[in-house]
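One structure is given below, encoded as structure tokens.
The values are calculated or read from the model by the stated rules, or taken from the named source; none is laboratory data. Since the structure is predicted, the reported quantities are computational estimates derived from the model, not experimental observations. Cβ placement follows ideal geometry from the backbone for every residue including glycine, while neighbour counts extend to all protein chains displayed.
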Amino acid sequence: MNFRNKKILITGASSGIGEAIAIHFAGKGAYLLIAGRNLKELERVKSNCSSAEGVEIILLDLEDHEGLFSKASEIIQKHQNIDILINNAGVSQRSLAKDLPFEFDKKIIHIDLLGTIALTKAFLPSMLERKAGTIVTITSMVGKYGTPMRSAYAAAKHGLHGFFDALRAEVFDDNIHVLLVCPGFIKTNVSINAIGPGGGKQGTMDEATGKGIEPQTVAIAIEDAIHRELEEINVAGAKELLGLYMKRFAPIVFSKMIRKMKVT
């Protein structure tokens, strides 16, 4: 795929993986719609995407499900279509299940799972009408196996895998490409902004996240996966990949390992 002039909508584009994706595809000459809640940070990212064909800021809140449909309608009315939707926005967790009030389990699932589904369904009819489009969803290695302190987060990410695997099969004949991207520990502010015990932000950088993969690596991997029309990719370190293979081939051993594994 030649990305020049392609209209790419990126959620959670104000920092981390989303910012890296925006800057990367700006360098490919794409027209970017960078979405998020933090206008100041989105403006900063926009200033770093000068090589793009154009950059438009979209204020978007994944927790406002009904608002997502109306926002998508406005975007389609203005641009006719979106070529690539990159579902990246979300919130993480750093709390034991027993210490997280149920209202925050709901919040995480409302944002990470239902918000992503809502936005995708808002743009899906226009892709089906054109019989063209790419949907990229950033999940997590935790979408494949649960770990301590990620109970609601793992539930949401597992849900994304179920939804988009099913959607991929449904829209294959409509020439719509569905890609799942499963990062491990990536060097972003995700742990600082994660929901901690009681529902407040953790406010600190995890050691594992601080030593994680650079977010630019994820952006490059996404471009390659789109070119090759892959269905799913893992962008993770050795420890996370080991967990994946152990879960599949030695689940009892994995179960013992994960109880003691450092996940922050």
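Taking segment 96-129 as the search range and keeping residues that are touching an Asp or Glu at 6+ places or on another chain (Cβ under 7 Å) and aliphatic (A, V, I, L, M), which one is farthest from residue 198 (Cα to Cα)?
128
Answer yes or no: is there a residue in segment 134-145 that is assigned to a loop (DSSP other than H, G, I, E, B), in contact with a strand residue (DSSP E or B) (Cβ under 6 Å, 6 or more places away or on another chain) and touching a residue at least 60 places away in the same chain (Cβ under 8 Å).
No, because not a single residue in segment 134-145 is assigned to a loop (DSSP other than H, G, I, E, B), in contact with a strand residue (DSSP E or B) (Cβ under 6 Å, 6 or more places away or on another chain) and touching a residue at least 60 places away in the same chain (Cβ under 8 Å).
Can you tell me which residue is surrounded by the most Cβ atoms within 10 Å (Cβ to Cβ) among those in segment 148-162 that are more than 20 Å from residue 98 (Cβ to Cβ) and touching a strand residue (DSSP E or B) at 6+ places or on another chain (Cβ under 9 Å)?
157
Run residue 234 past the list (1) of a type in the set (S, T, N, Q); (2) farther than 24 Å from residue 134 by Cα; (3) within 16 Å of the chain's Cα centre (by Cα) and report the number of the one that doesn't hold.
(2)
Tell me yes or no: at least one residue of segment 37-48 is under 30 Å from residue 205 (Cα atoms), among the β-branched types (Val, Ile, Thr) and outside any helix (DSSP H, G or I).
At the first step, the residues of segment 37-48 found to be under 30 Å from residue 205 (Cα atoms) are 37-48.
Keeping just the survivors that are among the β-branched types (Val, Ile, Thr) gives 45.
Filter once more, so that each one left must be outside any helix (DSSP H, G or I): none.
So far as segment 37-48 goes, no, none of its residues is under 30 Å from residue 205 (Cα atoms), among the β-branched types (Val, Ile, Thr) and outside any helix (DSSP H, G or I).
Taking only segment 21-57 into account, find how many residues are surrounded by fewer than 24 Cβ atoms within 10 Å (Cβ to Cβ), under 17 Å from the mean Cα position of the chain (by Cα) and in contact (Cβ under 8 Å) with a residue 60 or more places away in the chain.
2
Looking at the structure I just gave you, is residue 199 touching a residue at least 12 places away in the same chain (Cβ under 8 Å), touching a Leu at 6+ places or on another chain (Cβ under 8 Å) and small (Gly, Ala, Ser)?
Working: touching a residue at least 12 places away in the same chain (Cβ under 8 Å): yes; touching a Leu at 6+ places or on another chain (Cβ under 8 Å): yes; small (Gly, Ala, Ser): yes.
When the stated conditions are applied, residue 199 passes them.
Can you tell me which residue in segment 214-253 is farthest from residue 182 (Cα to Cα), limited to those that are at pLDDT below 95 and surrounded by 19 or more Cβ atoms within 10 Å (Cβ to Cβ)?
Only one residue tops the list, namely 243.
Sort through 240, 223 and tell me the only one that's more than 21 Å from residue 20 (Cα to Cα), acidic (Asp, Glu) and touching a residue at least 12 places away in the same chain (Cβ under 8 Å).
So the residue among 240, 223 that is more than 21 Å from residue 20 (Cα to Cα), acidic (Asp, Glu) and touching a residue at least 12 places away in the same chain (Cβ under 8 Å) is 240.
Kindly indicate whether residue 112 is over 14 Å from the mean Cα position of the chain (by Cα), modelled with pLDDT of 95 or more and acidic (Asp, Glu). Spell out how you get there, then give the answer.
Details: over 14 Å from the mean Cα position of the chain (by Cα): no; modelled with pLDDT of 95 or more: yes; acidic (Asp, Glu): yes.
No: the conditions fail for residue 112.
Mind telling me which of the residues 107, 40 ends up being among the basic types (Lys, Arg) and closer than 25 Å to residue 152 by Cβ? Please lay out each step first, then the result.
Details: 40 fails: closer than 25 Å to residue 152 by Cβ.
Going through 107, 40 in turn, just one is among the basic types (Lys, Arg) and closer than 25 Å to residue 152 by Cβ: 107.
Here is a check on your reading of the model: is residue 128 more than 18 Å from residue 109 (Cα to Cα) and in contact (Cβ under 8 Å) with a residue 24 or more places away in the chain?
Judged against the criteria, residue 128 is a match.
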